[in-house]
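A.B. asks: Provided herewith is a single structure, encoded as C-alpha cells, for subsequent inquiry.
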Amino acid sequence: MVKSYEKVEDTFFEGFKGIYVRALITAEDKDTLTQAAYDSTATPGAVIGRIEGGVEGFVSSDKTPDGRIGAIVQYWFNSDDLEKFELELSYRIRQDVLVKPFTSMFDLTPNPKGFIGMMKQVGHCGDGYEWEENIFGREMINVPIAVPDFKIEKQLGYSEGFMGGNFWYMANDKKTVLEAGKIALEKIAEVEGVIAPFGICSAASKVETNYPWIGPTTNHPYCPSLKKTLVNESKVPDNVKYIPEIVVNGINKEQCFKAIKLAIDSIIDLDGILKISAGNFNGQLGDLNVNLLDIL
C-alpha cells in the first residue's frame, strides 16, 4: 500500500557526527539484564557533554559469547575527546552494570575506528586484585566483587555514527501520544544498529536561551500551552495539543533514515495524528540537514 505524506511538513532535521560504543551485556536472568541495560543507558545527556545511550534490542543465549541472554546497548558522545568519553562511559558501566549480579560485558562495535581500554576506569575497581584471562574466545578483565565476578572485555571498540535524526508527531489527544509513540518505537527497534535514546520525548529544545548555564531550553513557539500567550510567535497548528519528538541515533545515516521512515509510516494514518514535522536549529548546528520528504 502506497503511503500518502500529505501530513508531513516540508522541513528538515539536523544530524550530527558522533562517536559510539556498541556493547553486549549478558546476565543470568531477564530482570537483571533488563535493569542493567536500561539503567546504564538512561538519562541521555549529549547536549550537556555527557553520554547519550539507548537499548538497541535483546538477544537469545545462542547469540552471545557466554551462552546467556543478552542486551545490545549503545553509548554515544558528540565530541572527539576520547578521554572524556572513556570517563563518562566508565560511570555507566561501574554504577549500572558492574553492580548487578552475574553480569558481563562484551564489545559489539562493527568495524571499529579504534578501541577504548577498560582497565584504567573499570578494571581497577578490583583495587589491584583484578586479572586478565582469555575466556569465551575474548580477552577479558575479571573484576573480583562480592557476588563473583564482573567480567568485561579488555577493550571496547568505538566508531563514528549519525546522531540527532528526529521527527515530531503532532496529535490532538493523549491516547494518540502514547499509542503512536509505542508503535513508532517498536518499528525503530526492528532496525539493526539504531536506538531512540529519549523514547517518547516531551521536550523539544532550542539553542537560543535566556539561561545559558542550563543549555538548550524549551522550544517555546511549539509549546501548545503557550499558544494564546505567544499570539504572533506560536507555531502550533490549529487543533494540535501535543507535539512529542522521537530522536534516532544510528551506526550510519542509512540505518537512521530507514528507522525514521518505518516509524513515520507506522503512525501517519492514525486518526489522532494531525501532522508530522521535525526539530532543527535553523541549519546552524548540524553536520547534515535532512529533509523528511527526502527519506520517505
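A.B. asks: Restricting to the range 68-110, count the residues that are over 20 Å from Lys151 (Cβ atoms), modelled with pLDDT of 95 or more and part of a loop (DSSP other than H, G, I, E, B).
C.D. replies: 1
A.B. asks: Here's a follow-up. What residue, among those in the range 221-239 that are buried (at least 18 other Cβ atoms within 10 Å of the Cβ) and either of a type in the set (Phe, Trp, Tyr) or closer than 29 Å to Gly45 by Cβ (or both), is farthest from the chain's Cα centre (by Cα)?
C.D. replies: Out of the qualifying residues, it is Val236.
A.B. asks: Would you point out the residue of the range 1-31, among those that are under 24 Å from Asp107 (Cβ atoms) and small (Gly, Ala, Ser), that is surrounded by the most Cβ atoms within 10 Å (Cβ to Cβ)?
C.D. replies: The residue in question is Ala23.
A.B. asks: Taking the options Ile260, Ile267, name whichever one is in the same structural domain as Glu190 (by TED's automatic domain parsing), within 29 Å of Lys174 (Cβ to Cβ) and more than 19 Å from the chain's Cα centre (by Cα).
C.D. replies: Ile267
A.B. asks: Could you check Ser60 against (1) in contact with a strand residue (DSSP E or B) (Cβ under 8 Å, 6 or more places away or on another chain); (2) surrounded by 16 or more Cβ atoms within 10 Å (Cβ to Cβ) and say which number it fails?
C.D. replies: Among (1) in contact with a strand residue (DSSP E or B) (Cβ under 8 Å, 6 or more places away or on another chain); (2) surrounded by 16 or more Cβ atoms within 10 Å (Cβ to Cβ), the lone unmet condition for Ser60 is (2).
A.B. asks: Looking at (1) surrounded by fewer than 16 Cβ atoms within 10 Å (Cβ to Cβ); (2) closer than 18 Å to Asp294 by Cα, find the lone condition where Ile276 falls short.
C.D. replies: (1)
A.B. asks: Let me spell it out: the conditions are (1) surrounded by fewer than 17 Cβ atoms within 10 Å (Cβ to Cβ); (2) touching a residue at least 60 places away in the same chain (Cβ under 8 Å), and Gly67 meets all of them except one. Which number is the exception?
C.D. replies: All conditions are met except number (2).
A.B. asks: Quick check on this structure: which one of Lys175, Lys187 is touching a residue at least 24 places away in the same chain (Cβ under 8 Å), of a type in the set (Lys, Arg), part of a helix (DSSP H, G or I) and surrounded by 15 or more Cβ atoms within 10 Å (Cβ to Cβ)?
C.D. replies: On the way: Lys175 fails: surrounded by 15 or more Cβ atoms within 10 Å (Cβ to Cβ).
Only one candidate qualifies: Lys187.
A.B. asks: Okay, moving on. Within the bounds of the range 197-207, is there any residue that is of a type in the set (S, T, N, Q), assigned to a strand (DSSP E or B) and under 30 Å from Tyr222 (Cβ atoms)?
C.D. replies: Looking for residues that are of a type in the set (S, T, N, Q), assigned to a strand (DSSP E or B) and under 30 Å from Tyr222 (Cβ atoms), one finds at least one in the range 197-207, hence yes.
A.B. asks: Report, by residue number, each residue of the range 36-51 that is modelled with pLDDT under 95 and on the phi < 0 side of the Ramachandran plot.
C.D. replies: Ala42, Pro44, Gly45, Ala46, Val47, Ile48, Arg50, Ile51
The values are calculated or read from the model by the stated rules, or taken from the named source; none is laboratory data. What you see is a predicted model; the values in this text were computed from it and never measured. Neighbour counts run over all protein chains shown; Cβ positions are idealised from the backbone, glycine included.
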